[in-house]
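**Student:** Please see the structure below; I have some questions.
The values are calculated or read from the model by the stated rules, or taken from the named source; none is laboratory data. Predicted model only: the values in this text are computed from it and were never measured. So basically every Cβ, Gly included, is an ideal-geometry build from the backbone, and we count neighbours across all protein chains shown. All accessible areas refer to the heavy atoms of the entire protein, side chains included, with ligands and DNA or RNA removed. Shrake-Rupley method; radii C 1.70, N 1.55, O 1.52, S 1.80 Å.
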Amino acid sequence: MTQVYLIYLVGCVVSLLLYKKNNLAAKVGFSISAVASLIGVFYFLINIGETSTYNFSEQLLYSPNFTLEPVGNFFSFVISLIALASSIYAIQYSQEYEKKGSLAVMAFLFNAFILSMLLVVSASDVFWFMIYWEIMTVVSAFLICFNDSKSSLKAIMIYLGVAHFGGMCILSAFLLLASQSGSLEFSSFTSVEMSPLYASAIFILALVGFGSKAGMFPFHVWLPKAHPAAPSNISALMSGVMIKLGLFGIIKFCLWLPIQEWWGLLIVVLGALSSLLGVLYALIQHDYKALLAYHSVENIGIILLGIGTGVYGIAINSPILATIGFLAGLYHVVNHAIFKGLLFLAAGSVLFRTHTREIEVLGGLAKKMPFTAIGMFVGVMGIAALPPLNGFVSEWFTYHGMIQGALSEGILPRTVFTLSVIALALTGVLVVIHLKLYAVIFAGTPRDKKIWDNAKEAPLSMLVGMFILIVGCFAFGIGASVVTENIMTVVTSFSGAYEATPDGGFIASTLGNKISLPLITMVLVGAMTLPFLIVVIFRANKTKPRETDPWACGFKYSSRMQMVAGPFTGDLRRLMEWLFRSKPTVEDRGYFEPVVYTDKPKDIWWNAFYAPIINLTMYCVRKIGLLQNGSTSAYSVYILLGLCLFLVISYLL
């Protein structure tokens with residue numbers, strides 16, 4: 001593993017050495033990260049079930065040591081896979097930022113960002129974990145800065161504020177745990193005895209700290225701000241990989257602490273809320289990158305449903321429930337990383353050519369950007385959990401895990417799991433919004449002729465980056481039995497020995513039924529080719545279709561008559577108005593000018609939780625600012641009061 005880390009380090013150094021060769025630095029820097037990621041994909045996959053350590057010289061103060069267990073190898077594989085696609089994509093995509101900043105610095109930060117995430121996963125003590133964690137946060141914030149704008153700066157401040165609040169909770173949880181084990185080494189945390197109340201306090205701190213990084217409700221507010229503001233290759237890494245490290249932390253703490261049943265139920269409840277609210281807010285977005293960011297909240301919720309089921313299974317000593325829960329959660333971790341990475345890269349290609357994030361002004365781009373359209377289509381089918389793509393398998397496992405949990409003894413777990421199944425089913429019903437993402441951007445006729453005329457297919461390296469993840473969407477769906485077997489290697493290392501992958505390419509659930517993704521693929525392919533076979537066999541429909549404008553009730557057809565994003569969700573928007581609090585406006589510019597309609601819904605949780613804290617902070621800051629009055633005498637009094645305060649504290653201690 002150290003060889004992989006060193007290659008990323010070489011990428012950082014070489015990028016800076018080529019500082020004066022802007023374009024060359026980008027090509028070399030991103031190519032080195034692509035090579036490191038490719039090696040990492042194979043290394044971490046081959047060693048996924050192994051435990052490896054590397055110790056630096058003990059002579060150094062706080063010498064960094066690395067330990068990779070099966071869970072760490074799994075997350076390192078996911079990081080390397082998405083980093084590979086993003087690195088290749090960035091070789092030509094980075095030219096978009098040539099005039100906005102130094103591409104050498106961008107390549108340096110990109111390599112450092114991936115390296116910091118890998119080091120977080122392999123850190124073996126509290127000190128270095130927190131160092132790598134904060135480096136990861138700060139470097140990602142610097143990368144957002146490349147889209148220099150007023151909204152970007154606001155997004156960075158919100159992101160850093162939530163991240164540092166989460167970091168404070170994580171450090172507190174670590175220190176409380178270390179005080180019981182007597183060491184900062186992670187290896188000493190596995191057999192710590194403590195009271196249920198003390199353990200619960202540590203768990204809540206860890207859940208809040210890591211949940212804020214993961215984008216779990218109600219700490220999700222930074223995602224729709226930061227992810228759209230970042231360059232698209234960075235958005236793919238942040239949404240596809242970085243937020244998963246929050247889930248990695250939750251899993252590690254649950255394995256260290258004496259688990260209680262209500263912990264699993266709490267995670268399931270938060271997962272259900274995140275998935276349902278995430279998809280509802282995604283419904284009403286007109287910015288396609290913000291829409292994808294809210295979908296990350298939804299999918300983090302789905303992953304939490306699986307992890308919560310697994311935690312509950314360990315708590316009630318049920319290896320079957322624990323295994324199926326963690327299998328579902330980890331499978332959706334890698335699936336979401338793949339299709340969300342693909343969607344952000346496809347969205348980046350659209351932005352690269354059209355320079356707008358507004359869905360409403362786009363349309364008909366499939367004719368100008370056919371390969372990007374295919375990438376977006378496959379990503380949409382994956383996130384909609386349609387077979388035979390990857391999203392279907394992990395959601396299928398999640399359903400079965402929660403149904404199995406709903407059969408548990410006790411009214412509370414049955415109620416929680418039953419309601420969570422309903423919440424997950426509702427997110428599936430709202431699949432219409434995924435259709436909206438593809439249909440409005442790529443289908444139909446152009447809504448803005450100027451944008452459409454200037455649009456053309458993305459450069460080669462960007463297409464290659466997307467193609468890697470397109471293959472991943474199919475491979476992790478059709479090859480589900482192989483994927484399940486590898487993830488089971490990770491899951492059984494801590495949850496039990498339940499076998500979920502029988503021979504014959506079928507995947508079995510705990511409820512006894514089986515699915516075969518290759519068989520589903522053959523059926524779907526057969527169904528899609530059947531109409532063409534009928535046409536060929538019966539020699540029917542030989543008449544050339546007539547191409548003309550559609551009927552427009554006697555008026556001349558205009559592209560503005562076609563459906564935009566709003567009508568896809570019109571009734572649901574009115575039904576859930578209490579949640580969106582939108583204030584639509586209609587501007588009439590006269591008979592011959594088009595009516596301008598705007599609708600900016602709000603995330604009500606911002607006003608409920610964050611706005612009061614920010615207002616209180618600003619009030620306190622203004623009051624404290626009165627102390628800075630420029631008077632030397634006043635400052636001397638402050639110093640004397642400070643000294644007296646320290647003397648009193650030292651006397652009391």
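**Student:** Just name one of Gly526, Thr354, Met157: the one whose Cα is farthest towards the positive end of the charge dipole of the chain (beta-carbon charges, Lys/Arg +1, Asp/Glu -1).
**Tutor:** Of the listed residues, the answer is Thr354.
**Student:** For Cα pairs less than 8 Å apart in space and 6+ apart in sequence, what is the mean separation divided by the residue count of the chain, i.e. the relative contact order in percent?
**Tutor:** Relative contact order of the chain: 12 percent.
**Student:** For Phe42 and Tyr597, calculate 0.36 nm times their separation in residues minus their Cα-Cα distance, and state this gained length in nm to one decimal.
**Tutor:** Here the answer is 194.7 nm.
**Student:** Quick one: divide the alpha-carbon radius of gyration of region 251-353 by 2.2 N^0.38 Å and tell me what you get.
**Tutor:** Details: Rg = 15.9 Å, N = 103, 2.2 N^0.38 = 12.8 Å.
Ratio of Rg to 2.2 N^0.38 Å for region 251-353: 1.24.
**Student:** Ordered by residue, what ³J(HN,Hα) values in Hz, to whole numbers, does region 637-653 give under the Karplus form 6.51 cos²θ - 1.76 cosθ + 1.60, where θ = phi - 60° and Gly and Pro are x?
**Tutor:** 5, 4, 5, 5, 5, x, 4, 4, 4, 5, 5, 5, 5, 5, 5, 5, 7
**Student:** Also, I was wondering about something else. Using packing as a proxy for protection, rank 410-418, 232-240, 395-403 so that the peptide with the highest average count of other Cβ atoms within 10 Å comes first.
**Tutor:** 232-240, 395-403, 410-418
**Student:** Now, a different point. Spelling out what I want: for every residue of region 257-263, take phi, set θ = phi - 60°, compute 6.51 cos²θ - 1.76 cosθ + 1.60 (Karplus), and round to whole Hz; glycine and proline get x.
**Tutor:** Here the 3J(HN,Hα) series is 8, x, 5, 10, 4, 5, 5 Hz.
**Student:** If the chain between Ile639 and Glu98 were fully stretched, how many nm would it gain, using 0.36 nm times the residue separation less the Cα-Cα distance?
**Tutor:** Gain in length upon complete extension: 189.8 nm.
**Student:** Extent of the chain along each principal axis, from alpha carbon coordinates, in Å, largest to smallest?
**Tutor:** 96, 70, 55
**Student:** Would you work out which of Leu257, Thr484, Gly444 lies farthest towards the positive end of the dipole of the chain, given +1 charges on the beta-carbon of Lys and Arg and -1 on that of Asp and Glu, about the Cα centre?
**Tutor:** Farthest along the dipole direction, towards plus: Gly444.
**Student:** With +1 on the Cβ of every Lys and Arg and -1 on the Cβ of every Asp and Glu, and nothing else charged, how large is the dipole of the chain about its Cα centre, in debye rounded to the nearest 20?
**Tutor:** That gives the chain a dipole magnitude of about 2240 debye.
**Student:** In addition: Hey, how many Å between the Cα centroid of region 249-310 and the Cα centroid of region 15-40?
**Tutor:** 35 Å
**Student:** Report ³J(HN,Hα) in whole Hz for each residue of region 609-625, in order, from the Karplus equation J = 6.51 cos²θ - 1.76 cosθ + 1.60 where θ = phi - 60°; Gly and Pro get x.
**Tutor:** Along region 609-625, the couplings run 10, 9, 4, x, 5, 5, 5, 5, 5, 5, 5, 5, 4, 5, 5, 5, x Hz.
**Student:** Give the carbon-plus-sulfur fraction of the accessible surface of region 110-237 in %, rounded to a whole number; probe 1.4 Å, heavy atoms of protein chains only.
**Tutor:** The computed percentage sits at 72.
**Student:** Packing-wise, with mean Cβ within 10 Å as the measure, how do 355-366, 586-597 rank, highest first?
**Tutor:** For the peptides 355-366, 586-597, the packing ranking is 355-366, 586-597.
**Student:** Kindly give the semi-axes, whole Å and largest first, of the ellipsoid equivalent to region 605-652, taking each as the square root of 5 times a Cα gyration tensor eigenvalue. List each step's numbers first, then the result.
**Tutor:** Numbers: eigenvalues 205, 65, 3 Å².
Its equivalent ellipsoid spans semi-axes of 32, 18, 4 Å.
**Student:** Moving on to the next point. What is the packing order of peptides 122-135, 635-648, taking the mean over residues of other C-beta atoms within 10 Å and listing the highest first?
**Tutor:** 122-135, 635-648
**Student:** How big is the shadow of the Cα convex hull of region 326-381, averaged over all directions, in nm²?
**Tutor:** Average projection, Cα convex hull of region 326-381: 4.2 nm².
**Student:** Filter Lys289/Lys450; Lys367/Lys583; Lys436/Lys583; Lys21/Lys289 down to the pairs with a C-alpha to C-alpha distance above 27 Å, please.
**Tutor:** Over 27 Å Cα-Cα: Lys367/Lys583; Lys21/Lys289.
**Student:** Within the accessible area of region 605-652, what % is carbon and sulfur when the probe is 1.4 Å and the other protein chains stay in place?
**Tutor:** 76 percent
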